[in-house]
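Everything below concerns the one structure shown next.
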Amino acid sequence: MELWMQAFSRTLIDLYHVAENTSLQGFPEEVLRLLQPWIHFDGAVFGMGESQAEAQANLHIVHAHIHDRDASLLADYEAVSAADPVTGAFLAGLASPMPVDCEVLYANRRLEEVDAFAHRHRLRHLMLYGDAPSAERNGRWMVLYRSDNSAFQSIEAELLHAAWFHVSRAVDINRAAALDRQDPQHAQRASALANPRGLIEAADPQFHALLEREWPAGAHKSLPQAVLDCAARGQSYRGRRIEVTMRRQDAWLVCVARAIEQHGILTPGEYAAARRFAAGMSNKEIARELGVSPHTVRSQLSNAYAKLDVHDKAALAQRLMNQAP
């Protein structure tokens, strides 16, 4: 027994090594490879998803890795997931892995569409475990399949239960390592990794802070739609306060945000007038120093107030001080 536990512990150590050193694309298959000597399966899905508040019985798959099953499995599953009691149990939260005899469960409940789905994809037995989606984060799960009549045993459920915390933590490490490979220095870095649906899977604290500067309302579990629209056009997003550049890495989106300096928002003339006005000079004094008319100064100050979203001289001075050139 002691040797057995030592071997399983070694597998968990290998899991963290894989998380730090494997690409985003290759990571799910490596995790399954490590688990297979301990839990026999001939197919699997390792995925992430979310549920809508108005349809808690329906799981929307954001992305998933399919092992030894046809790629159509995901689309077929989404079509029947609302009727699947296994989905409902997962969304309600599983205290331990859930072994299922698909033939018995679906036939006894007369769930013809779900039963047909299980037969089509050779799902005689399955075992499901993971973290249900919540308001703070997407769900993530692993479902293991067997096409023969060999049921998953309690010891296998215990092993999956013991491994899952480490698997979920390894997912986070793998995402963070992918960001580190993009910018090994990452001093004051504001980067994020988003999946194909725009959901943020890893991000530096500064990235979230900058999103909140541009969109103050609410937590940002996903990239804002304006950023996604720019990504779809192959462009950077430039807003009032931040700029987000994006590039594809396989199916993922690597994002880097930076604050737009206030003198970068303003024209040179607007910045020169605003800086002097904030320092206490009058319109006439500014006009004389810059060699322009007082009317031009008033127009430049009006534009500066609008662009910086301030309404008095104190707020103007504070904004310029925060982003001095």
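The values are calculated or read from the model by the stated rules, or taken from the named source; none is laboratory data. Computed from a predicted model, the values in this text were never measured in an experiment. All Cβ positions, glycine included, derive from the backbone under ideal geometry; neighbour counts span all protein chains shown.
What number goes with the only condition from (1) surrounded by 17 or more Cβ atoms within 10 Å (Cβ to Cβ); (2) in contact with a Ser or Thr (Cβ under 9 Å, 6 or more places away or on another chain) that P37 does not pass?
The failed condition is (1).
Considering each of V80, V104, V86 in turn, give the residue that is β-branched (V, I, T), out of contact with any helix residue (DSSP H, G or I) (no Cβ under 9 Å at 6 or more places or on another chain) and assigned by TED's automatic domain parsing to the domain that holds I39.
V104
Among the candidates R10, R110, which residue alone is basic (K, R), without any contact (Cβ under 8 Å) to a residue 24 or more places away in the chain and part of a helix (DSSP H, G or I)? Reasoning before the result, please.
Values: R110 fails: part of a helix (DSSP H, G or I).
Exactly one residue qualifies, and that residue is R10.
Is segment 246-256 home to any residue that is within 30 Å of N303 (Cα to Cα), among the small types (G, A, S), out of contact with any Cys (no Cβ under 6 Å at 6 or more places or on another chain) and assigned to a loop (DSSP other than H, G, I, E, B)?
Step one: list which residues in segment 246-256 are within 30 Å of N303 (Cα to Cα), which gives 246, 256.
Applying the additional criterion that residues be among the small types (G, A, S) yields none.
Looking for residues that are within 30 Å of N303 (Cα to Cα), among the small types (G, A, S), out of contact with any Cys (no Cβ under 6 Å at 6 or more places or on another chain) and assigned to a loop (DSSP other than H, G, I, E, B), one finds none in segment 246-256, hence no.
Which of the residues that make up segment 240-286 are loosely packed, with under 14 Cβ neighbours inside 10 Å, closer than 30 Å to E201 by Cα and hydrophobic (A, V, I, L, M, F, W, C)?
Listed by number, the list holds a single entry, A251.
Considering only residues that are farther than 19 Å from A44 by Cα and more than 24 Å from the chain's Cα centre (by Cα), look in segment 83-97 and name the one that is surrounded by the fewest Cβ atoms within 10 Å (Cβ to Cβ).
Top of the filtered list is A95.
Tell me which residues, restricted to segment 271-298, are closer than 18 Å to L320 by Cβ, part of a loop (DSSP other than H, G, I, E, B) and either under 44 Å from the mean Cα position of the chain (by Cα) or not small (G, A, S) (or both).
If the condition is that a residue be closer than 18 Å to L320 by Cβ, part of a loop (DSSP other than H, G, I, E, B) and either under 44 Å from the mean Cα position of the chain (by Cα) or not small (G, A, S) (or both), then A279, M281 are the ones that fit.
Please go through segment 202-222 and pick out each residue that is touching a strand residue (DSSP E or B) at 6+ places or on another chain (Cβ under 8 Å), under 17 Å from S134 (Cα atoms) and free of Cβ contacts under 8 Å to residues at least 60 places away in the same chain.
Answer for segment 202-222, where residues must be touching a strand residue (DSSP E or B) at 6+ places or on another chain (Cβ under 8 Å), under 17 Å from S134 (Cα atoms) and free of Cβ contacts under 8 Å to residues at least 60 places away in the same chain: A202, H220, S222.
Would segment 217-239 turn up any residue that is under 23 Å from N174 (Cβ atoms) and charged (D, E, K, R)?
Yes: one or more hits.
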